[in-house]
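Here the structure is laid out as structure tokens; the discussion comes afterwards.
Only the coordinates and a few stated rules stand behind these numbers; no lab work does. None of these values were measured; they are calculated from a predicted model. In this analysis, Cβ positions are derived from the backbone assuming ideal geometry, glycine residues included, and neighbour counts consider all displayed protein chains.
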Amino acid sequence: MRVGNHLPIPNPQRALGSEGAGRVFGQVLSDAIYSLNQDLNAADQAAKRLITGDIEFHDAMIITEKANLALQLTMAVRTKVMEAYQEIMRMQV
Amino acid sequence: MSISAFNIFRISGSGLTAERLRMDTIANNLANANTTRTERGGPYRRQMPIFAEVLSQRRSPVGQGVRVLGIVDDPSEPRLVYDPQHPDADADGYVEMPNINVVKEMVDLITATRAYEANITAINGAKAMAQKALEIGRA
């Protein structure tokens, strides 16, 4: 995964003038959550298809494991961002 | 998401599917170890799956797993068993039995099981690496 491609360092002037930087980061987070949601839906579908018998055990396990890993990754990114945000909010003005 | 950990899931997943199919053919061979009548006439013939590698579509030099080309029959001769009472016995009293060696099938069964486990170990290794990567910077 190349984060650099998705997170260009914003131009400070543009970032100050508009919500440019906010939109970029918001987009990244929104994309990540959309992707995560797709993985979770796929895991849900896999469980249903396993019951009806039209999917192999290992395929269902792999899809579930994929969703689990994607969730952990998203939560790790969220935690990092929240830490950074709180650090900045604690700054003395 | 094109994360390489997920790529390993796909590659090893194809290996799991292939070994499952191998297991299916072995089970079918064992079930038909004494079958003397088939649609095509003659005794059942041992089935073998043919596997082929999946090449990468993108520039990556790493292959993308395994796929099943098809299932072929073992061309070796049927076993001749002397059993004049058997309804399928020929004029000399010999019956053509399937070219299946049950011991060989058992060995193949163990090989398929171990190969399946090896693919699962690869998946677990990839997962462990991804989880370790998430620990970067934590404590």
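Some points to look at:
- Applying the criterion of at least 2 residues that are β-branched (Val, Ile, Thr) to the strands (runs of 3 or more DSSP E) found wholly in region B:58-139 leaves B:66-73.
- Region A:51-93: number of residues that are closer than 27 Å to residue B:19 by Cα, at the interface with chain B (Cβ under 10 Å from one of its Cβ atoms) and polar (S, T, N, Q): 1
- Those residues of region B:1-16 which are facing chain A (nearest Cβ under 8 Å), among the hydrophobic types (A, V, I, L, M, F, W, C) and in a helix (DSSP H, G or I), in sequence order: B:5, B:6, B:9, B:16
- Test result for residue B:19, within 11 Å of another protein chain (Cβ to nearest Cβ), farther than 30 Å from residue A:34 by Cα and either in a loop (DSSP other than H, G, I, E, B) or in contact with a Phe, Trp or Tyr (Cβ under 7 Å, 6 or more places away or on another chain) (or both): yes
- Condition check for residue B:16: surrounded by 15 or more Cβ atoms within 10 Å (Cβ to Cβ) and touching a His at 6+ places or on another chain (Cβ under 6 Å): yes
- Verdict on residue A:32 being surrounded by 13 or more Cβ atoms within 10 Å (Cβ to Cβ), free of Cβ contacts under 8 Å to residues at least 40 places away in the same chain and within 9 Å of another protein chain (Cβ to nearest Cβ): no
- Leading residue by the ranking (nearest to the other protein chains (Cβ to nearest Cβ)) among those in region B:126-139 that are surrounded by 10 or more Cβ atoms within 10 Å (Cβ to Cβ) and free of Cβ contacts under 8 Å to residues at least 12 places away in the same chain: B:134
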